[in-house]
Amino acid sequence: MQLTGDRFTSETAQLGNDISTLPNFPAEIRAPAGTLPGVSSFQVHFADYDILTPGDAPNVLVAMNPAALKANLADLPRGADIIVNTDEFTRRNLAKVGYQASPLDDGSLDGYVLHPVALTSMTVGALAEHDVSKKDAERAKNMFALGLLSWMYSRPYESTIRFLERKFAARPELVAANTAAFKAGWNFGETTEDFAVRYEVKPAKMNPGTYRNITGNAALSLGLVAAGVRSGLPVFLGAYPITPASDILHELSKHKRFGVTTMQAEDEIAAIGAALGASYGGALGVTTTSGPGVALKGETISLAVALELPLVIVDVQRAGPSTGMPTKTEQADLNMALFGRHGEAPVAVVAPRSPSDCFFAALEAARIALTHRTPVILLSDNYVANGSEPWLLPDVESLPDLRVEFATEPNGEDGKSFLPYLRDPATLARPWAIPGTPGLEHRIGGLEKADKTGDISYDPANHDFMVRTRAARIEAIRVPDVEVETGSPNGVDSDARVLVLGWGSTYGPIGAACRGLRQRGLPVAQAHLRHLAPLPANLGEVLARYERVVIPEMNLGQLAHVIRARYLVDAIGYNQVRGLPFTATELETMLEEVVKNA
């Protein structure tokens, strides 16, 4: 089902529609088929205008079995089209999900436009002359469904045929079978009288340029590649496979020609240790993981803080604690990113707001790490990591110059000694000396260092100074001011008394909810944080402009706690931890009450 959704998305992207997707699948490699926990779905929202979310209420559902119908029916609006694979609506499959009677016959679907289609048997029949097993023929029913939907929405299909030719290049019989199944589905839509309507969705108005469809994990990977190119440094990724971050390891392993080295380590601790070692040697060290992995890496992150070396730690958040729900999304690692280390060990924290924004967030994380010689935690999450949207390819020359200057000469007043902790007065960063540079021999390690000399020091005053300096180094990071969106062309709306503050992947649902309120004449302002440590310098002034500040988060209020503590603002938290992103409708309903009572 994920492949089918991905192909439909690619076809739609070629037509120039704006797109947002929501893959939703179980964590188990072999989830119990036909049960509610085993349902794998792919939701795609496309339009001829700018959209921000995968949509709250799908207009069409393709249910390949009773479990898929039951799991998704509540999301559909009355009047929606439901295409069901009748071959799977057997008594046994109905009983698996608790249906006492078939919903196809008991009238419970009367409020919808039901299309009963024997997808499996029609596919097997269409492939009767092909040299494939019955199992392979039945598997091709997804291509039949894709062909039917491609007809229904007037999608091109040439790229899908080329995709099948590439994917099954070693097995031409599967290319022929899946192509035939796809065309059978298309022709079924063309000839049956069951579908009274066929849709055409024109291209969306977008800025001129070259676009591609991209997922968050792919965009983040390319951002790291771009950071390596723009800095002139080799990129080293030390990673241990973990859902939903593993795709970054897969993607980066394809880019050796850009100086990227990937290493799959034996565990999370080894992965970050290797990345930090690469950084010590003059590379852009990166490690990727998810929540449980960040917990294991904590000691080495603290070591990187003490060593004052650049390091990018990518945390693609998932629903926890512990193993939790590995394929579901959440924003519950914020506290761990901000505070989850021993001692006073502050780091910078950056969060992307959309799949394509992962590219720029990765560049920003690399910029901060290289400029300020500090670990940076890049807080993505499962929603943006696996979701996709169109991405306007940037002009390479417009990307930030990330070149760094390594220390090559002694910097002591005597002209002979090297002071590894003699800091840049603007960034408070220490010199980055590659091991083996003649005359720049120096100590590294976790023991406290003396200011300037880097000698091991137990001096109380020096420790106090170094702790405060490491904190000041993070606060000295220059980050852009947070911008406020009001829906007004000039960005000013004096009528708005409510500010919705978000971070990370809540940008889309919050934006769609605010857009809906403004269209109904209810003024509301929106601000979204990319930098969570340090926070933008103007944030306090922005918060003070509004009577109410609402913070929707997919956790139990972690950013709200920070805002209350730091700015003494009585922020209103709106929180859920269901493993699913907010819907725009629920946020709009909640915000309407706040706006009307402000």
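What the table shows:
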item: The range 292-352 - Kirkwood radius from inverse mean 1/r over Cα pairs (Å); result: 12.3 Å
item: Sequence of Asp315, Asp105 from largest to smallest accessible area, 1.4 Å probe; result: Asp105, Asp315
item: Per-bin percent of Cα-Cα distances, the range 328-401 [5 Å]; result: 3, 14, 21, 22, 18, 12, 7, 2, 1
item: DSSP-loop GluC sites (Glu not before Pro) across the range 158-202, with at most 12 other Cβ within 10 angstrom; result: Glu193, Glu200
item: Top positive-direction residue, dipole computed over the chain with Cβ charges, set Ala345, Ala137, Ile313; result: Ala137
item: The range 83-184: Cα Rg divided by the 2.2 N^0.38 Å rule of thumb; result: 1.24
item: Neighbour cut-off at most 14 other Cβ (10 Å), DSSP loop, trypsin sites (Lys or Arg not before Pro), the range 104-208; result: Arg198, Lys205
item: Approximate shape of the range 21-139 as ellipsoid semi-axes (Cα gyration tensor, √5λ), whole Å, largest first; result: 24, 19, 16
item: Environment charge of Leu309, counting only residues whose C-beta is closer than 11 Å and scoring Lys/Arg +1, Asp/Glu -1; result: +1
item: Rounded to 5, percent antiparallel among DSSP beta bridges of the chain; result: 30 percent
item: Cα-centred dipole magnitude for the range 516-598, charges only on beta-carbon of K, R (+1) and D, E (-1), debye, nearest 20; result: 140 debye
item: Charged-residue dipole, Cβ positions (Lys, Arg, Asp, Glu), the range 41-168 about Cα centre, Debye nearest 20; result: 460 debye
item: Segments 285-296, 64-75, 122-133 sorted - mean Cβ within 10 Å per residue, highest first; result: 285-296, 64-75, 122-133
item: Rg and Dmax of the range 430-560, Cα atoms only, in Å; result: 22.2, 69
item: Long-range HN-HN contacts of Asp381 with modeled amide H, under 5 Å; result: Gln317
item: Segments 443-455, 236-248 sorted - mean Cβ within 10 Å per residue, highest first; result: 236-248, 443-455
item: 20 °C / 1.002 mPa s Stokes-Einstein diffusion coefficient of the range 106-259, Kirkwood radius on C-alpha pairs, µm²/s; result: 111 µm²/s
item: Solvent-accessible area per residue, Å², over the range 147-234 with all protein chains present [probe radius 1.4 Å]; result: 49 Å²
item: Descending semi-axes in Å of the range 458-525, equivalent ellipsoid built from Cα gyration tensor; result: 42, 13, 10
item: Rg to Rh, two decimals, where the range 274-377 supplies the alpha carbon set and Rh follows Kirkwood; result: 0.95
item: Pairs from Lys202/Lys254; Lys135/Lys183; Lys96/Lys134; Lys256/Lys328 whose Cα-Cα separation, in the structure shown, is over 26 Å; result: Lys202/Lys254; Lys256/Lys328
item: Normalised alpha carbon radius of gyration of the range 208-345 [divisor 2.2 N^0.38 Å]; result: 1.04
item: Computed accessible area, Trp186, all protein chains, 1.4 angstrom probe, square angstrom; result: 50 Å²
item: Share antiparallel - DSSP beta bridges, the range 227-377, percent rounded to 5; result: 5 percent
item: Computed Rg/Rh of the range 499-598, alpha carbon atoms with Kirkwood Rh; result: 0.93
item: Measure of compaction for the range 1-82 (Cα Rg per 2.2 N^0.38 Å); result: 1.13
item: Hydrodynamic radius of the range 514-565 per Kirkwood, over alpha carbon pairs, in Å; result: 12.7 Å
item: Sparse-neighbourhood loop sites, chymotrypsin sites (Phe, Trp or Tyr not before Pro) in the range 412-481 - DSSP loop, at most 11 other Cβ within 10 angstrom; result: Tyr458
item: Burial ranking of peptide ranges 373-385, 517-529 (average Cβ count within 10 Å, highest at the top); result: 373-385, 517-529
item: Cα-only radius of gyration and Dmax that characterise the range 372-436, units Å; result: 18.9, 57
item: Cβ-placed point charges (K, R +1; D, E -1), dipole of the range 546-586 about Cα centre in debye, nearest 20; result: 120 debye
item: Residue-averaged [θ]222 nm for the chain, counting only DSSP H segments that reach four residues, each worth -39500 (n - 2.57); result: -11000 deg cm²/dmol
item: Rounded to the nearest 10 Å², the accessible area of Thr210 at probe 1.4 Å; result: 90 Å²
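The values are calculated or read from the model by the stated rules, or taken from the named source; none is laboratory data. Being a predicted model, the structure only gives us computed values, none of them experimental. For neighbour counting, all protein chains shown are included, and Cβ atoms are generated from backbone atoms with ideal geometry for every residue, glycine included. Side chains included, ligands, DNA and RNA excluded: accessible areas come from the protein's heavy atoms. Shrake-Rupley method; radii C 1.70, N 1.55, O 1.52, S 1.80 Å.
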